[in-house]
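What follows is one structure encoded as structure tokens, with my remarks underneath.
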Amino acid sequence: MTFLALEGLGKRFGSHVAVDGLTLGVEKGEFVSLLGPSGCGKTTTLQMIAGFVEPSAGAIRLEGRDLLAVKPAKRGLGIVFQSYALFPHMTVAENVAFGLEMQGVAADERRRRVGETLELVGLAAFSGRFPRQLSGGQQQRVALARALVIRPRILLLDEPLSNLDAKLREEMQIELRQIQRTLGTTTILVTHDQAEAMALSDRLVVMNQGRAEQVGPPHVVYERPATPFVASFLGRTNLVAGETVRPEKIVFAATGLAGKVRTRIFQGNHWLYQVETASGLLTVIRQNSGEAMPGEGEQVHLAWGKA
Amino acid sequence: MSRNGPLALAYHALFVTFMLAPILVVCFVAFTPEGYLSFPTDRWSLRWFYAIGRYPEFIAAFWRSLWLGALSSAIAVALSVPAALAIARYRFRGREAMTALFMSPLMIPHVVLGVAFLRFFTQIGLGGTFTGLVLSHIVIVLPFALRLTLASAVGMDRAIEHAAISLGASDATVLRRITLPLVLPGLVSGWALAFINSFDEVTMTVFIAAPGTETLPVRMFLYIQDNIDPLVTSVSACVIAITVLALVALDRAYGLERLLVGRSGDGR
Ligand SMILES: Nc1ncnc2c1ncn2[C@@H]1O[C@H](COP(=O)(O)OP(=O)(O)OP(=O)(O)O)[C@@H](O)[C@H]1O
Ligand SMILES: [Mg+2]
């Protein structure tokens, strides 16, 4: 049986439809990302699972039981909010201990589990600090520890990494993935960062205007986008005679589509080309292998394997 | 960039002079030995401070003012909390009307309120009672309490409460452990501002208070109608001294800026 099932889930605010008949099954231990542009209904979906937004249509089932009948405080979900939402008047340890306290876990046991979880997120040394005395990345990890320590049935993450700089974000992605693997917690991540979604998830749900456009493993969605929206949202694409072709699939060959290099940009590990052809301007990405590459103004032929 | 050009400095100096000069003059006059207001003078005496001892009604009025301010402000703050939380969070029918109602005492001249309360309290048998004073003061300090309570309620991230709920906290626990501590700076500032306004109020109170329920400002006001001696200046000097001590103590304990501006100090 599906662990978590969203069945025709919908939410309208007045006349505006924020989520429109979303159906999705999530397996136990799975890491699923809701990916889509701003305003497509990702947060609203997550909030409906959490219980802070009431759906106007559809059902949510957890292990077959109607989740909507359960109060938010009783759902046993761990949530990391985009703003972290740490308790500013409590120390790191108190923040993490809060959920255990609510569960009535004894003080000794509480202390042990808080210590363990802070260890897991690498913040054991910071337990006495207040949130305002931590960096953005550290606060984010406290929020994660606070959600994980209650051993939630599902971990809900709403753009938890969006406030971090690129390097820290990458580190946190790796850490998040490791922690999720170690604990095997079913996780739903909301993000508009396609690289992040692809790096972390077992499956992607690409959303547009409140609907799921495509659901599948990252490489499948990337390689075989079901709709033009998915194709254009996930990375650069070329549209050649109604067919989408990823820029890195195109090679320079002796024969093929003739064209002329308009611009060539060196980007360290790869070259980015814009080539004028009879089918329009195509983007080509070639790995930098140290070999000589066609220069600007040169005549070239483009070839790609049929998908 | 010069933030304090000569003009700005002159302006600040004038501003401070206008604010402080009357207070300083009052304090000087309090130490004169004459039986009338004289300034400047070169003779000093504590005569008028000793004189306060002969007017126990001043002391009683001072304590009454303190209690009145403390009590009416506390009740006003207690009423403000649910009102502020509701106004800050929910778009409900009558929300604007409710805000306007709570803020309306700011708009009505205190003379009018005084006359109205006098009639009203006399009708319902509360004329000249301390209860009547408390009720009327709650009305006039409510806008101040609500303003600052509202500011801190609006500034609060709802996700923080949602986080607590998702961790299994009941509504009551969320209120006690999360919401109230987070709006506390606003409550304290709201109370302080309300207290100052209550303590200071004379225009309305002079209509409502009776012998035996006079507040300090009312007692002073009535005194100078019949007397020209500097007793009120020595009383004022005492009030000023107490105010300064209280402000220093508050600044030590809380930070004045935080208190009066109603900013929560934990820099979220
Ligand atoms: N409380 C609300 N009242 C009215 N409209 C709302 C409300 N909450 C969300 N919406 C609308 O619903 C739509 C979906 O919002 P949602 O917050 O779910 O988007 P999102 O996908 O999370 O976007 P982002 O990436 O910007 O966070 C938006 O058009 C938004 O304006
Ligand atoms: Mg969102």
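The values are calculated or read from the model by the stated rules, or taken from the named source; none is laboratory data. Quick caveat, the model's predicted, so the values are computed rather than measured. Virtual Cβ from ideal backbone geometry, glycine too; neighbours counted across all protein chains shown.
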Which of the residues spanning segment A:192-203 are assigned to a helix (DSSP H, G or I) and more than 16 Å from ligand 1 (Cβ to nearest atom)? A:Met198, A:Ala199, A:Leu200
A:Asp158 passes all but one of the listed conditions (1) away from ligand 1 (no atom under 16 Å from the Cβ); (2) farther than 20 Å from A:Gly25 by Cβ; (3) in contact with a Leu (Cβ under 9 Å, 6 or more places away or on another chain); (4) not aromatic (Phe, Trp, Tyr); the exception is number (1)
Can you confirm whether segment A:17-32 contains a residue that is hydroxyl-bearing (Ser, Thr, Tyr), within 16 Å of ligand 1 (Cβ to nearest atom) and touching a residue at least 40 places away in the same chain (Cβ under 8 Å)? no
Counted residues, segment A:36-89 - those being hydrophobic (A, V, I, L, M, F, W, C), farther than 17 Å from A:Pro152 by Cβ, surrounded by fewer than 18 Cβ atoms within 10 Å (Cβ to Cβ) and away from ligand 1 (no atom under 16 Å from the Cβ): 3
Would it be correct to say that A:Phe13 is within 15 Å of ligand 2 (Cβ to nearest atom), within 14 Å of chain B (Cβ to nearest Cβ) and surrounded by fewer than 18 Cβ atoms within 10 Å (Cβ to Cβ)? yes
Do we have any residue at all in segment A:151-165 that's within 14 Å of chain B (Cβ to nearest Cβ) and among the basic types (Lys, Arg)? yes
Just to be sure before I move on: is A:Phe52 under 29 Å from A:Val221 (Cβ atoms) and either at the interface with chain B (Cβ under 9 Å from one of its Cβ atoms) or part of a helix (DSSP H, G or I) (or both) in the structure I sent? yes
For A:Met102, indicate whether it is facing chain B (nearest Cβ under 9 Å) and among the aliphatic types (A, V, I, L, M). yes
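Taking the conditions exactly as written (within 14 Å of another protein chain (Cβ to nearest Cβ), of a type outside the set (D, E, K, R), farther than 20 Å from B:Gly168 by Cβ and within 16 Å of ligand 2 (Cβ to nearest atom)), does A:Gln82 satisfy them or not?
On the way: within 14 Å of another protein chain (Cβ to nearest Cβ): yes; of a type outside the set (D, E, K, R): yes; farther than 20 Å from B:Gly168 by Cβ: yes; within 16 Å of ligand 2 (Cβ to nearest atom): yes.
Yes.
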Being of a type outside the set (Ser, Thr, Tyr), within 16 Å of ligand 2 (Cβ to nearest atom), closer than 20 Å to B:Ile165 by Cβ and in a helix (DSSP H, G or I) is the requirement here; does A:Ala143 meet it? yes
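Filter segment A:85-99 for residues that are within 13 Å of chain B (Cβ to nearest Cβ) and aliphatic (A, V, I, L, M); which is nearest to B:Pro185 (Cα to Cα)? Break it down stepwise before answering.
Filtering segment A:85-99 for residues within 13 Å of chain B (Cβ to nearest Cβ) gives A:85-91, A:94-99.
Of the ones still in play, those that are also aliphatic (A, V, I, L, M) are A:85-86, A:90, A:96-97.
Working: A:Ala85: 19, A:Leu86: 18, A:Met90: 15, A:Val96: 24, A:Ala97: 24 Å.
Within segment A:85-99, the match that is nearest to B:Pro185 (Cα to Cα) is A:Met90.
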List every residue pair whose Cβ atoms lie under 8 Å apart, where the two residues are 6 or more positions apart in sequence or sit on different chains, the first residue falls within segment B:151-179 and is at the interface with chain A (Cβ under 10 Å from one of its Cβ atoms), and the second residue, located anywhere, is of a type in the set (Ser, Thr, Tyr) and not in a helix (DSSP H, G or I). B:Asp157/A:Ser83; B:Ala159/A:Ser83
Scanning segment A:161-191 for residues that are at pLDDT below 85 and either within 13 Å of ligand 1 (Cβ to nearest atom) or in a loop (DSSP other than H, G, I, E, B) (or both), which turns out surrounded by the most Cβ atoms within 10 Å (Cβ to Cβ)? A:Leu161
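Checking the structure you have, find out if any residue of segment B:107-116 is at pLDDT below 85 and surrounded by 12 or more Cβ atoms within 10 Å (Cβ to Cβ). Don't jump to the end; show me each part of the working.
Within segment B:107-116, the subset at pLDDT below 85 is none.
No, segment B:107-116 contains no residue that is at pLDDT below 85 and surrounded by 12 or more Cβ atoms within 10 Å (Cβ to Cβ).
Answer with yes or no whether B:Val26 is part of a helix (DSSP H, G or I) and closer than 14 Å to B:Val235 by Cα. Spell out how you get there, then give the answer.
Numbers: part of a helix (DSSP H, G or I): yes; closer than 14 Å to B:Val235 by Cα: yes.
So B:Val26 passes the test.
For segment B:122-133, enumerate the residues that are part of a helix (DSSP H, G or I) and either of a type in the set (Gly, Ala, Ser) or under 11 Å from B:Ala209 (Cβ atoms) (or both). If you could, list the steps in order and put the result at the bottom.
If we filter segment B:122-133 for residues that are part of a helix (DSSP H, G or I), which is where we start, we get B:122-124, B:130-133.
Within segment B:122-133, B:Phe130, B:Gly132, B:Leu133 meet the criteria.
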Give me the pairs: first residue in segment A:41-53 and within 15 Å of A:Gly21 (Cα to Cα), second residue in a helix (DSSP H, G or I), beta-carbon distance under 9 Å, and six or more apart or on different chains, which are they? A:Met48/A:Leu68; A:Ile49/A:Leu67
Under 7 Å between Cβ atoms, at least 6 apart or on separate chains: pull out the pairs that start in segment A:3-14 with a residue that is farther than 17 Å from A:Arg65 by Cβ and end on any residue that is more than 16 Å from ligand 2 (Cβ to nearest atom) and outside any strand (DSSP E or B). A:Gly10/A:Pro55; A:Gly10/A:Ser56; A:Lys11/A:Pro55; A:Lys11/A:Ser56; A:Arg12/A:Ser56
